[in-house]
Every structure is written in C-alpha cells, then in structure tokens.
Amino acid sequence: MEEYIQFVKDQINFVPDFAIVIGSGLSTMLDKVKVIKRIPYREIPNYPISTVKGHKGELIFGILSGKNVLIFNGRVHFYEGYTMRQVTAGVRLAAGLGTKNIIITNAAGAVNKALKAGDIMLIEDHINFIFADNPLRGEKGTERFVDMINAYDRDFLKKAVEVASRKGIDIRKGIYCAVAGPNYETMAELRFMNRIGIDAVGMSTVPEVIVARFLKMRVLGISCITDSIFNEGDISHTKVLNIANQCGKRIAELIESFLKEV
C-alpha cells in the first residue's frame, strides 16, 4: 500500500477534499467533473484491477463544484477473488493522499417493496452479511474496534436531503445490506431481509465504509436502485447497468449540489 500511495503522489501533487467511489454503471456522473489527470489502475503497482463490466478502472483527479475530488471510476469486489484489504485499497489510498471525506455510491437491488428501479436511496445505515472476512482483520491496537454508530455521517445525510429537496431530486432513505455475491438473492433471502428491515442489497460499500471509519473519514452513501424482483421480475447485470446509467446523471446532480454546500 505504501508503494502505490507513493506512486500516485509522484504522479500528481493533489490533496482531495472528497473522494468519490463510482459504482456499477454510474460513470455518467463524471460529465460535470473538470478532469486534471487520469491514472488507470493497471499502471499503479500492486493495485487491484476490476474484472467487472461497468467498472472502467481508473483514478480521476479533478474539480467539481470548486472542490478537489479524487474519483475511483470503478471498484473491485470480494466476489472477484480479492482479499478484503484489496477491496478497500481505494479508501486507504484516499486517506493516504489526505482525504477526510468520502462519497460511496453503488448499484443495489430493492428489498423494500416500495422501492423501484431508478430510485435514489441515501444510505442511513447498513447490515453486513459478508461473514467470510472483515477488512480490519489483522489490524493492531485498540483503534481496530471501530465505532460504527454514526457510520454514515448524520450532517452529510441531512445536507444531502436538503439539497435534494431544493433541487427537486426525488430521493429515498434506507438501510443497505452487503452480501458477498456474485449470485443474486433467492426469494427466501429477500423475504428474510425485508422482515428484518433491510431496504436494499448489494455486493459492495460496507467494507469500504468500515475502513473509512477506521481511518476517521466522514461518509455519505448513495445507492441507485437498479432492480426489484417484486416489481420488475428477472434480474441481469445488463439490466443493472442500463438503469444505473440513467440514475447516474441524477446522482451527479445531487453530488454536485451537495459539494457546493459543504
């Protein structure tokens, strides 16, 4: 990790105000970013490379709403065979470059029957069903016992709600659940999740949030609801990407306005 953090520092002298992680198919939110530099993940020593369609795999340094932003255009997932430390490499890189704030986006499936494809959901809290590993396993000292009560920063959430209301962007708020994947859930699993209060489910985000809180970063989480087995029937990765592409522009508008006011 020290190697790839130093590699990036050698490429550009840039301290981001915010890091932004772009989820599956959401790269349309890059349209309003003034790009200063791009670094493909494959050029960074030892940096994990995404194998998933819809994740381009590049660091983007730029300016959005007057803020320096470091954008991760694509992420890697636990189901790709990476370790949890590799999955959270981007968050550690952002912290290594001096970032104190992070916006994490994802594509998620609806569990709450009131949600439909195309909805934007601000994440209020999460439930972690990735039982196989934890990104803090092996860390030393008492700081590894991270307080997750305010994992998704309340002030950021409040500001995002205010901005959305002012801009006329329809949003929901809810609980996100992370699963290991890569398969989608069975109907029995979805019914169980619904009963325990989960609103949306995906295969990312939670490990990144755990590490962000470990590194004392403030987090805003945003889900694009890309499918609902209850309302739209069968799910496929192609459908997910198509809906995410449409959703990305509205999320970009929300993030752009949010950054102007924080």
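At 0.36 nm per residue, and after removing the present C-alpha to C-alpha distance, how many nm does the segment from residue 83 to residue 129 gain when stretched out fully? The partial results should precede the final answer.
Details: separation 46, 0.36 × 46 = 16.56 nm, distance 1.60 nm.
Once the chain is fully extended between residue 83 and residue 129, it gains 15.0 nm.
Can you tell me how much longer the chain between residue 15 and residue 1 gets when fully stretched, taken as 0.36 nm per residue apart minus their C-alpha distance, in nm with one decimal?
That pair, residue 15 and residue 1, stretches by 3.3 nm at full extension.
Quickly estimate the mean residue ellipticity at 222 nm for the chain, helices only: each DSSP H run with n ≥ 4 gives -39500 (n - 2.57), and the total goes over all residues, rounded to 500.
-9000 deg cm²/dmol
Once you place label points 7 Å from the Cα toward the Cβ at residue 180 and residue 38, how far apart are they in nm?
Label-label distance for residue 180 and residue 38, simple model: 3.5 nm.
From the square roots a ≥ b ≥ c of the eigenvalues of the alpha-carbon gyration tensor of region 139-194, which class results: rounded (a/c under 1.5), prolate (a/b over b/c), or oblate?
oblate
Taking N as the number of residues in region 1-139, what is its alpha-carbon radius of gyration divided by 2.2 N^0.38 Å?
1.08
What whole-number distance in Å separates the alpha-carbon centres of region 1-62 and region 153-211?
Region 1-62 and region 153-211 have Cα centres separated by 24 Å.
Students often forget the sequence filter, so: which lysines lie under 22 Å Cα-Cα from residue 159 once same-chain residues fewer than 8 apart are removed?
Partners within reach: 32, 67, 100, 167, 173, 216, 249, 260.
Assuming a ≥ b ≥ c are the square roots of the Cα gyration tensor eigenvalues, decide whether region 96-246 counts as rounded (a/c under 1.5), prolate (otherwise, with a/b larger than b/c) or oblate. List each step's numbers first, then the result.
Values: a/c = 1.96, a/b = 1.29, b/c = 1.52.
Oblate, because a/c is 1.5 or more while a/b does not exceed b/c.
Values in this text are rule-based calculations from the coordinates and carry no lab data. Treat the numbers as computed from the prediction; the structure is a model and nothing was measured. Counting neighbours? That spans all protein chains shown, and the Cβs are built from the backbone with ideal geometry, glycine included.
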